[in-house]
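The values are calculated or read from the model by the stated rules, or taken from the named source; none is laboratory data. The structure displayed is predicted, hence computed values, not measured ones. With ideal geometry, Cβ positions are generated from the backbone for all residues, glycine too; neighbour counts draw on all protein chains shown.
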Amino acid sequence: MAGARSKATGTSASKHKTGGKTQTRRAAASPAPVTPHFTHFDPAGQAHMVDIAAKGVTRRVARAGGRIVMLPATLALIRAGAASKGDVLGVARIAAIQAAKRTSELIPLCHTLSLTRVAVWFEPDVALSAIGIEVTAETLGQTGVEMEALTAASVGLLTIYDMCKSVDRGMRIEGVRVLEKAGGKSGHFKAE
């Protein structure tokens, strides 16, 4: 059986004739598949902060986004700058940046990072009666900035809710997610 695969070992064997003799050669076993695990738990199942001391310092970038859906009249007030609490998107932008800077105070096992950049964009969508947010967070460090970008996007949208809830309590925050990340050993990720 040339090229047969062994069920027990996962190795393949092939038979070759050399000098009138048949020899069996076994290929090396495939590496065992890596079992996914949650890195914030130790082998005993206890929560712990991941040790990043051995990781190299690299440029880390993450983008996160989401949106808040509202009544068309609420969106019109925001776009016109006529909300009773003032410049909704200006305040939400500052709140998002502040949230990125304070992520480790909110998410218990996050490392404190020295952020090199946080940028926040809002995009009103009249067709959906929504405002989208996109946040880019960057650092030079040993761990990623996904949590900072996600926290900033969430708090930016929550701030819009807070500033507009007097006219629209039915607003809905949705789709908060990582859009892209780069840097570190896990490489590049881009949401579809």
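Does Gly187 meet the test of being modelled with pLDDT under 95 and surrounded by 14 or more Cβ atoms within 10 Å (Cβ to Cβ)? Write out each step before concluding.
On the way: modelled with pLDDT under 95: yes; surrounded by 14 or more Cβ atoms within 10 Å (Cβ to Cβ): no.
Criteria not met by Gly187.
Within the stretch 154-188, work out how many residues are under 30 Å from Leu140 (Cβ atoms) and acidic (Asp, Glu). Give the steps one after another, and end with the answer.
Just the residues of the stretch 154-188 that are under 30 Å from Leu140 (Cβ atoms), to begin with: 154-159, 175-188.
Next, from what is left, pick out any that are acidic (Asp, Glu): 180.
The total comes to 1.
Being surrounded by fewer than 20 Cβ atoms within 10 Å (Cβ to Cβ) and more than 21 Å from the chain's Cα centre (by Cα) is the requirement here; does Pro108 meet it?
Values: surrounded by fewer than 20 Cβ atoms within 10 Å (Cβ to Cβ): yes; more than 21 Å from the chain's Cα centre (by Cα): no.
When the stated conditions are applied, Pro108 does not pass them.
State the number of residues belonging to the stretch 112-125 that are in contact with a helix residue (DSSP H, G or I) (Cβ under 7 Å, 6 or more places away or on another chain) and surrounded by fewer than 17 Cβ atoms within 10 Å (Cβ to Cβ). So that I can check it myself, show each step before the final result.
Taking the stretch 112-125 first, the residues in contact with a helix residue (DSSP H, G or I) (Cβ under 7 Å, 6 or more places away or on another chain) are 112-113, 115, 118, 120, 122, 124.
Subsequent filtering for residues that are surrounded by fewer than 17 Cβ atoms within 10 Å (Cβ to Cβ) retains 112, 124.
Adding up the residues that qualify gives 2.
Residue check, Glu148 against (1) surrounded by fewer than 22 Cβ atoms within 10 Å (Cβ to Cβ); (2) of a type in the set (D, E, K, R); (3) over 22 Å from Ala80 (Cβ atoms), all met but one. Which one?
Every condition holds for Glu148 apart from (1).
Considering only residues of the stretch 56-94 that are in a loop (DSSP other than H, G, I, E, B), modelled with pLDDT of 85 or more and not small (Gly, Ala, Ser), which is surrounded by the most Cβ atoms within 10 Å (Cβ to Cβ)?
Among residues in the stretch 56-94 that are in a loop (DSSP other than H, G, I, E, B), modelled with pLDDT of 85 or more and not small (Gly, Ala, Ser), the one surrounded by the most Cβ atoms within 10 Å (Cβ to Cβ) is Met70.
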